[in-house]
1. Out of 242, 194, 223, which single residue is surrounded by fewer than 16 Cβ atoms within 10 Å (Cβ to Cβ), modelled with pLDDT of 70 or more and either of a type outside the set (S, T, N, Q) or under 29 Å from residue 35 (Cβ atoms) (or both)?
2. Could you please find all residues in segment 59-78 being crowded, with 23+ Cβ neighbours inside 10 Å, in contact with a Leu (Cβ under 8 Å, 6 or more places away or on another chain) and assigned to a loop (DSSP other than H, G, I, E, B)?
3. Output the residues belonging to segment 52-65 that are in contact (Cβ under 8 Å) with a residue 40 or more places away in the chain and over 15 Å from residue 219 (Cα atoms).
4. Check 5, 56, 21 and return the single one that is surrounded by fewer than 20 Cβ atoms within 10 Å (Cβ to Cβ), more than 14 Å from the chain's Cα centre (by Cα) and modelled with pLDDT of 75 or more.
5. Checking residue 93 against (1) open to solvent by 60 Å² or more (accessible area, probe 1.4 Å); (2) at pLDDT 90 or above; (3) under 23 Å from residue 180 (Cα atoms), which single condition isn't satisfied?
6. Here's a check for you: in segment 155-186, which residue that is assigned to a strand (DSSP E or B) and in contact with a Gly (Cβ under 7 Å, 6 or more places away or on another chain) is farthest from residue 46 (Cα to Cα)?
7. Among the listed residues 182, 165, identify the single one that is touching a Ser or Thr at 6+ places or on another chain (Cβ under 9 Å) and at pLDDT 95 or above.
8. Can you name the condition, by its number, that residue 142 falls short on among (1) buried (at least 24 other Cβ atoms within 10 Å of the Cβ); (2) at pLDDT 50 or above; (3) of a type outside the set (S, T, N, Q)?
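The values are calculated or read from the model by the stated rules, or taken from the named source; none is laboratory data. What you see is a predicted model, and the numbers here were worked out from it, not measured in a lab. Here Cβ is always computed from backbone atoms with ideal geometry, including for glycine, and neighbour counts include all displayed protein chains. With ligands, DNA and RNA removed, areas are computed over all heavy atoms of the protein, side chains included. Shrake-Rupley method; radii C 1.70, N 1.55, O 1.52, S 1.80 Å.
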Amino acid sequence: MHLSSFPTSVRLRRTALLGLSALFLHTGAQAVAGQWDSAALGQSGSGASSATPWISNLASGSAYAEWNVILGYPVDNTPDIAGSGTLSELTGGGFATSSGNIYGLGGPTSFQVDLSGANSGTAGTAGTAGTAGTSGTSGSWDVYLRVATQGSVALDAATLNGVSATREVTHNGVLTGGFGGAEQESLWKWTFSGSGPWVFNFGASAAHMSLDQVAVYAVPSAGATPAVPEPETWALMAAGLGAIAVLRRRRSA
């Protein structure tokens, strides 16, 4: 049966799907899906498996989660590497591809990552990641969001708990054929005071962005200082020192 014998709506849908298939086949020839193409923060893991995460040795008390094959839509709450968390697409204008990407067809997609359980203060390796906590520190954190995209690029700004940051592009390639566009890897950083949970928001600048990978990492800042006592604690300490001074005077008398 010829394509012309189908109703117009069916022909348009079929044409669109053929175009998408051409795009995915083409981009797959340029880059391996689910693998990082650049190093970031001195870490060069590809994310191809749990043996090669972006962050291979997690800092004590850190939180980490990495999605490299995204099959759940609109929610994927099973990171491929480490940790726990939820990746959500908020507009409903995308779909999960067979290659493990989230593709935005009807318009710019918008994403949220909720790094849950980020306040227990445990440690771990990338295979069994711990979660961020505040015990023994002043609550100063370096928090990172890393995203790999194809086609349309990500917006420059992303937010963590409502605080905006501007991305650094760590990899930038050009896609030819299909819908064209770019193959990019983006990194955002925040320095935060306080504990988790960490909620990230980022999005596409236009339709036809294919989200390939996402990773989030929260680590106590290198300059974090011991926790400062509360005013009540200072008062109790002062009272105790005063009592000791009185006892010493009585003994010397």
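1. The unique qualifying residue is 194.
2. 70
3. Within segment 52-65, just 53 meets the criteria.
4. 56
5. Every condition holds for residue 93 apart from (1).
6. Once the filter is applied, the top-ranked residue is 181.
7. Exactly one residue qualifies, and that residue is 165.
8. It fails just one condition, (1).
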